[in-house]
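Please read the structure below before turning to the comments.
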Amino acid sequence: MNPLLEATETTPTADRTVRDYDELDDRAQAAFPDAVDADAIAIPEEAAEGLSDGEVVRFTGYYRVSIAR
């Protein structure tokens, strides 16, 4: 079963590191925009490896990453 990626809009805080979308590997970059547009999407394990659960990614806004395996 593929991991589920959810990207929820958030406000960055001082205790969280923010990564830019451009810093994600190619597989994570390919999956991320779809996760922003949907509630949650199934992604390949290889794409999930490029993201960390709970991290914040700056894309068109700030998004908290949630990965369910």
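For residues that are part of a loop (DSSP other than H, G, I, E, B) and within 16 Å of TYR62 (Cα to Cα), tally how many sit in segment 7-39. Working first, answer last.
First, pick out the residues of segment 7-39 that are part of a loop (DSSP other than H, G, I, E, B): 10-17, 24-25, 38-39.
Those left that are additionally within 16 Å of TYR62 (Cα to Cα): 10-17, 24, 38-39.
Qualifying residue count for the region: 11.
If a residue has to be under 19 Å from THR10 (Cβ atoms) and in a loop (DSSP other than H, G, I, E, B) to count, how many in segment 51-69 make the cut? Full working, then the answer.
Filtering segment 51-69 down to residues under 19 Å from THR10 (Cβ atoms) leaves 51-68.
Now narrow it down to the ones that are in a loop (DSSP other than H, G, I, E, B): 51-55, 59-61.
Selection size over segment 51-69: 8.
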Residue pairs qualifying under the 6 Å Cβ cut-off, at least six apart or on distinct chains, with the first in segment 1-23 being more than 21 Å from ALA40 (Cα to Cα) and the second being of a type in the set (A, V, I, L, M), are ARG16/VAL56
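When you look at ALA28, is it of a type outside the set (Ser, Thr, Tyr), closer than 14 Å to ALA68 by Cα, open to solvent by less than 100 Å² (accessible area, probe 1.4 Å) and in contact (Cβ under 8 Å) with a residue 12 or more places away in the chain, yes or no?
Details: of a type outside the set (Ser, Thr, Tyr): yes; closer than 14 Å to ALA68 by Cα: no; open to solvent by less than 100 Å² (accessible area, probe 1.4 Å): yes; in contact (Cβ under 8 Å) with a residue 12 or more places away in the chain: yes.
When the stated conditions are applied, ALA28 does not pass them.
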Restricting attention to segment 45-69, the residues that are touching a residue at least 40 places away in the same chain (Cβ under 8 Å), touching a helix residue (DSSP H, G or I) at 6+ places or on another chain (Cβ under 9 Å) and either of a type in the set (Asp, Glu) or exposed (fewer than 13 other Cβ atoms within 10 Å of the Cβ) (or both) number exactly 2
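The values are calculated or read from the model by the stated rules, or taken from the named source; none is laboratory data. Given the structure is predicted, the values throughout are model-derived calculations rather than measurements. Note: ideal-geometry Cβ built from the backbone for every residue, glycine included; neighbour counts use all protein chains shown. Only protein heavy atoms, including side chains, enter the accessible area calculation; ligands, DNA and RNA are left aside. Shrake-Rupley method; radii C 1.70, N 1.55, O 1.52, S 1.80 Å.
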